[in-house]
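Report on the structure given below.
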Amino acid sequence: MHSTTPRPFGQSVRVSSRPHPSDQPADVALRANVRLLGDVLGRILVEQEGEELLELEERIRFQARLGRSGDVGAMRALGETIAALSVERQATVLRAFTLYFHLANIAEQHHRIRRRREVERDGGTLRESLGEAIDSLTRAGVDPDELRSAAASVAVELVLTAHPTEALPRTILEKHRRIAGLLDTLDDPRLTPTERTRIETAIAEEVTILWQTDEVRSERPRVVDEIRQGLWFLEESLWDAAPALVADWRVDLPGTPLRFGSWIGGDLDGNPNAGPETVREAVERGRELVRTLLRREIRALAASWGMSSTLVEAEPDVGEVQLPPERNPTEPYRRRLTHIWERLGEDGYAAADDLRHDLDVLERSLRAHRGTRIADGGLASLRRRLDVFGLHGASLDLRLHARTLAERPDEARAVLQEAARLQRAYGVACIDTLIVSMTRTVEDVLQAEALVAEAGAAVAVVPLLETIDDLRGAADLCGALLERSPRERLEVMVGYSDSGKDGGVVTAQWEIFRAQEALAWLAGEAGVELTVFHGRGGSAGRGGGPTYSAILAQPPHAVDGRLKLTEQGETIAFKYGLPGLARRNLEAAVSATLLTALPNRVVQEAPADAREAIEAVSQAAHAQFRGTVWDDPDFVPFFRSFTPLDELSLLEIGSRPVSRP
């Protein structure tokens, strides 16, 4: 069933005979992990369903393998085998194969992390890393001062969305993380045979639970469930991975290049289940989680910091907090940390800067009294988390359709008034953007800005261009906007999915490229700072592809060190489900963006004849796509009958309706 598995996944292996993965060539270590998980799954299938299911799985797998190699008889036998099964049995077989592929993917993800560690351990430079980017710029003649100056303006914002929806429930994602962690433990060469057996037993337990857990939700998730799922990734993965990346960044470069946004709870376009209440839920749940996580870090520092004024001095204001005088009287740092911990628990900090003031008190005293190493350790780690996440976690974006603003402005007013209330309570950083879907005219943007001003909210209005014609008119629209409503900064969102549905993937990508060229030229002429917000997903039809390469493929000056893009529900688990992968994917985005901050120094320009070639391809592709998808009356009936579109619409995988109301 998988190219890295040379034998049936039910065949057992003695633990003592298996060589340690770290002592083997790269692909052998992966094969060992996949084989182990396949063996475990085979045993679980026999335990849960009987030998006959495993035998059936192996027969189907064998017939499929022969069929792929061109054996017509095997393909016929495969069809007969499947046709002979009842619907219920087919479902069981599909579940077994699905679980196997999930386990193989876990092994592959773990292996990617393991290989990066091996490269680092051997002193190599990782691909798509900060080290590689800095080395490339240095070789291109960029001196340290120029590099630091460019790096100071680098800003990457990754925006989590719930749609297209992640089909796997959080329970299953947690099991995947647990299994990956157990595989990581198995890589320890110090393990005894008894310890290895204990770990493999734990893996078998997790696989058994997965087998007994239904992947298909019985009820459609609510918006609040999607909010919780998004926050789970923040807590379990991004909370550690992002500050760790910032720590490495600050070894050579200034600033905080990374922050996060979210549409989950604030995306009202096409989702009648979202509204003012989900906006509040998203902001308050995010703030509550960040406060909880910060308190955990502060409690750990307080437990660790036993520095006593009987041994080393501290600035007088460190211990001057509202605590009983008999509480840690000779431990001023612990007193201050306890005060911070209690104040966070009471939600007593209105803004992140207020908390930074308390941390400044600690840092000044430490550096003045032989505590520089301490200030650069746990305290610096805490500050990096605050710099990346603030007190809000991910800034919430609001999204409304231009039609809603025009035809149902009271709905927009209610949402914006709630946003204004939340900003007054928690600071403007908790909500910072209003995206206007299907922006067609300057009036769409100006009307949205008028409603924002009326509500008293402080959010930037961002036009979202989603059709081929709108992309082609991007510079005209934004030029008119700057003329009628001058501003120093301009953010424009380009939509990959709807433009792909409008004109086909090739033409959509090409017109997005051309729109960025035109916008970059316009911004340069007007002296305006431009940020292009990329609404891309995982599949090719949604602009998916390797993030690093995609960033470097943008036209000159379209990024210039500023990048904002969506990480859509279907890709979040794949890219950020494991902390090691999260770190790798975050670093790729930041490293590529750093390269764009110094345009034409490293990134190569396209060949001279590339424009004419892609223009010709785009015109042919557009004509074919429109002729087939939009103009042929037989296409939609064919598509519905040939694909599981109708069946997929029955799955309870997202709060949003299958199509816009």
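Annotations
- Counting 0.36 nm for each residue step from Asp347 to Glu615 and taking away their Cα separation leaves a gain of 90.9 nm.
- For the pair Leu66 and Leu650, a Förster radius of 22 Å applied to the C-beta separation gives a FRET efficiency near 0.05, rounded to the nearest 0.05.
- The Rg/Rh ratio of segment 29-73, with Rg taken over Cα atoms and Rh as the Kirkwood radius over Cα pairs, comes to 1.10.
- Extension reserve of the Ala623-Phe101 stretch, reckoned as 0.36 nm per residue once the Cα distance is removed: 184.1 nm
- Stretch gain in nm, segment Phe642-Arg413, where the contour uses 0.36 nm per residue and the Cα spacing is subtracted: 78.1 nm
- The chain, relative contact order [Cα under 8 Å, separation at least 6], %: 18
- Point-charge dipole on Cβ atoms (K/R +1, D/E -1) for segment 465-571, about Cα centre, debye to 20: 180
- Calculated FRET efficiency for the pair Ser485/Glu52, C-beta based, R₀ 60 Å, to 0.05: 0.25
- Inter-site label distance for Val28 and Asp360 at 7 Å from Cα along Cβ, in nm: 5.8
- The spacing between segment 587-661 and segment 305-382, judged by their C-alpha centroids, is 52 Å.
- Helical content of the chain, expressed as a calculated mean residue ellipticity at 222 nm, amounts to -18500 deg cm²/dmol (DSSP H runs of 4 or more residues, -39,500 (n - 2.57) each, divided by residue number, nearest 500).
- Accessible area of the chain divided out per residue, in Å², using a probe of 1.4 angstrom: 46
- In this structure, the amide hydrogen of Arg562, modeled 1.01 Å from its nitrogen in the peptide plane, lies closer than 5 angstrom to those of Ala155, counting only residues at least 5 positions away or on a different chain.
- Counting only Cβ charges, +1 for Lys and Arg and -1 for Asp and Glu, the dipole size of the chain around its Cα centre is about 1580 debye.
- Fraction of accessible area attributable to carbon and sulfur, the chain (%, probe 1.4 Å): 52
The values are calculated or read from the model by the stated rules, or taken from the named source; none is laboratory data. Just so it is clear, the structure is predicted and the values come from calculations on it, not from any experiment. Virtual Cβ from ideal backbone geometry, glycine too; neighbours counted across all protein chains shown. Accessible surface is based on the protein model in full, side chains and every heavy atom, while ligands, DNA and RNA are left aside. Shrake-Rupley method; radii C 1.70, N 1.55, O 1.52, S 1.80 Å.
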